[in-house]
1. Could you say whether any residue in the stretch 163-184 is more than 22 Å from the chain's Cα centre (by Cα), at pLDDT below 95 and more than 18 Å from residue 237 (Cα to Cα)?
2. Within the stretch 231-239, is there a residue that is crowded, with 21+ Cβ neighbours inside 10 Å, over 21 Å from the mean Cα position of the chain (by Cα) and aromatic (Phe, Trp, Tyr)?
3. Quick one: in the stretch 1-59, of everything that is free of Cβ contacts under 8 Å to residues at least 12 places away in the same chain and in a helix (DSSP H, G or I), which residue is least open to solvent (accessible area, probe 1.4 Å)?
4. Pick out the one residue from 135, 105 that is at pLDDT 95 or above, over 15 Å from residue 208 (Cβ atoms) and among the basic types (Lys, Arg).
5. Given (1) over 21 Å from the mean Cα position of the chain (by Cα); (2) closer than 27 Å to residue 209 by Cβ; (3) open to solvent by less than 30 Å² (accessible area, probe 1.4 Å), where does residue 115 come up short, assuming only one miss?
6. Considering only the stretch 195-215, state which residues are assigned to a helix (DSSP H, G or I) and either without any contact (Cβ under 8 Å) to a residue 40 or more places away in the chain or loosely packed, with under 15 Cβ neighbours inside 10 Å (or both).
7. Across the stretch 263-295, what is the number of residues that are in a helix (DSSP H, G or I), among the charged types (D, E, K, R) and either open to solvent by less than 40 Å² (accessible area, probe 1.4 Å) or free of Cβ contacts under 8 Å to residues at least 40 places away in the same chain (or both)?
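The values are calculated or read from the model by the stated rules, or taken from the named source; none is laboratory data. All values derive from a computational prediction rather than experimental measurement. Here the Cβ positions follow ideal geometry from the backbone for every residue, glycine too, while neighbour counts run over all protein chains shown. What goes into the accessible areas is simple: the full protein's heavy atoms, side chains included, and nothing from ligands, DNA or RNA. Shrake-Rupley method; radii C 1.70, N 1.55, O 1.52, S 1.80 Å.
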Amino acid sequence: MNISEAQRAAEQFGITGKLYLVKDMARIETVDGVKSIKKINYGIERLMFVHEVKEHLVSRGFRFVDRFHEAPGGCPYVVMNSDVYIMNDWIIGRECDFDNMTHIRCAVETLARFHQYSTGYTPSERVKARNELGRLPAVLKKRSDELLKLKKIAKKGKNRFDYLYMKNVDFFIERSLSSLRIIDSPAYTRIVEIAEKDRGICHRDYSYHNLLFDREGNLHIHNFDYCCFEIRVYDLVSFLRKIMSECNWNVDVAMDVISWYDTVNKLSKDELRIIAALMEYPQKFWRIANRYYNSRRTRPETGFYNKLSDVISEKEFYRDYIKKFKDNIAPEICG
């Protein structure tokens, strides 16, 4: 998006003000406050789903989300030359700091409330809802199979990445299969059935860059582009993974995060089992290997090698963490 496009979009939203570009969006200082305008890369039906999710949250009292502003015609977007643009308030504040335990607690308690307030949402016929409920076992099984497939490819390779992958892949395959034994179980089926009844929303990108503290200390959740119907522990595990990589897989921190969430939004025994299983799954190891062997590479082999080395350097922390984590929240699945 260039300045000219941003100015024309602003005009269609009926606003004027000083405008300049910041990364992939435009910042506009208006008499009604600072706004942002951004071009989206998905369709209107999907956008309307995101819009309805945010409005559902606000209607239930969860106010701190990046709501879309409506154009004069009443739509939460404008269209120019087949491109779709949205406008939000520009929150002046700071990103959530995952090295700060006060910030972490606020973020996980906010996540728990978000999951509570998101329940009961039924999409209208005009939206394209995304539903991921029940898909995790098949998705993770496919990724585990991929680790085995990539092992055959790496065996034929002759560079540092291939050798490093071959030396460590069996450990991570074992972890993935151990995880799958729990995920592909009645416990998972039961929490999916409950989620289908509750009709709650998962954010699917709950990370520091989408969490902003305003000047009053309120935590705002941004970027609902990936939101969908999904079990709530998906968000919690994704959040936990990011925290663990910052604290050398400190199980005490993990238990605090689980406790803070549970105090606001009670977790079932089935959910605790699935959290333990998902935390064991070697997601980061799979992602790096998959991108290296299956994607068009945008960085040299050294970059991938360094990333894989970082994951492997945490292996002993990770092994110890998984054992202690299971012992604490789901001892019956240890063995």
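1. Looking for residues that are more than 22 Å from the chain's Cα centre (by Cα), at pLDDT below 95 and more than 18 Å from residue 237 (Cα to Cα), one finds none in the stretch 163-184, hence no.
2. No, that holds for no residue.
3. 58
4. 135
5. (1)
6. 196, 197, 209, 210
7. Number satisfying all stated conditions: 5.
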